[in-house]
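One structure is given here, and the rest of the page talks about it.
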Amino acid sequence: AEMRAVADATATPDNPEPRLDVVRLLYSARGFEAAEAELESLISAAETGDAAVPLRLALADMLIAEGRAEAAIEVLETAAAAAETRAEGDRARVALARVAFGAEDKERAAALVATVLEDDPDNVEALALRAGVAIEELELQSAIIDLRRAQSLAPENAGLFALEARALELD
């Protein structure tokens, strides 16, 4: 209750992290059901579709951790559809593409990434995912080009360098 009060006082629609801290505490102390109920309550109380996107992303992450990928996909599809701005919708689509890629549905992942990059060619996460798909399909030069573009946009992202190292090693 104390942590909820602090979270309610400090969280904003643009910064749900204090409320997500409450969810994380509930997840570790009381389990998935308590954390899920808290997230569902926060999602219902969200003032806009955009404000609910990070909450739905957190719910999807928890569902994946619980081995419920299909439920996570439904949550992410809802998040993408309910987003009011393209940027928040793209966040949800990138997360959905990541889940699809992990579930070996590379065609769906590629289609989602293409949709995001069509609107925002500088989306670092989408570029990294497209590169990941290209590496899996041994289209290494394409992957390296995407990764170098992403690195120019996010030079502090060590994961991009590791992914490029993998592509270069395979090449």
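Taking one quarter of the surface of the C-alpha convex hull of segment 1-87 gives a mean projected area of 5.4 nm².
Here segment 1-145 yields Rg over Rh of 1.03, to two decimals, using C-alpha coordinates and the Kirkwood radius.
Set Lys and Arg Cβ to +1 and Asp and Glu Cβ to -1, take the dipole of segment 90-148 about its Cα centre, and tell me which of Leu147, Leu96, Thr115 lies farthest positive. Ranked along the dipole, the leading option is Leu96. Here segment 113-171 has 51 percent of its accessible surface on carbon and sulfur atoms, given a 1.4 Å probe and all protein chains in place.
Can you tell me the length gained on complete extension of the stretch Phe32 to Asp119, counting 0.36 nm per residue apart and subtracting the Cα distance?
Additional length available on full extension: 27.8 nm.
With N the number of residues in segment 78-165, Rg(Cα) / (2.2 N^0.38 Å) evaluates to 1.03. Taking the Cα centre of the chain as reference, the dipole from Cβ charges on Lys and Arg (+1) and Asp and Glu (-1) amounts to some 200 debye.
Could you tell me the calculated FRET efficiency between Val6 and Arg148, based on Cβ-Cβ distance and R0 = 45 angstrom, to the nearest 0.05?
Once the sixth-power term is evaluated, E becomes 0.55.
Cα gyration tensor of segment 107-156, axes a ≥ b ≥ c as square roots of the eigenvalues: rounded (a/c below 1.5), prolate (a/b > b/c) or oblate? Because a/c hits 1.5 or more and a/b fails to exceed b/c, segment 107-156 counts as oblate. Solvent-accessible surface of the chain, taken per residue with a 1.4 Å probe and all protein chains present: 54 Å².
Direction-averaged shadow area of the convex hull around the Cα atoms of segment 1-52, nm²?
Directional mean of the projected Cα hull area for segment 1-52 stands at 3.3 nm².
The values are calculated or read from the model by the stated rules, or taken from the named source; none is laboratory data. Values in this document were obtained by computation on a predicted structure and should not be read as measured data. Note: ideal-geometry Cβ built from the backbone for every residue, glycine included; neighbour counts use all protein chains shown. For the accessible areas, the whole protein counts, side chains as well, though only heavy atoms, and no ligand, DNA or RNA atoms are used. Shrake-Rupley method; radii C 1.70, N 1.55, O 1.52, S 1.80 Å.
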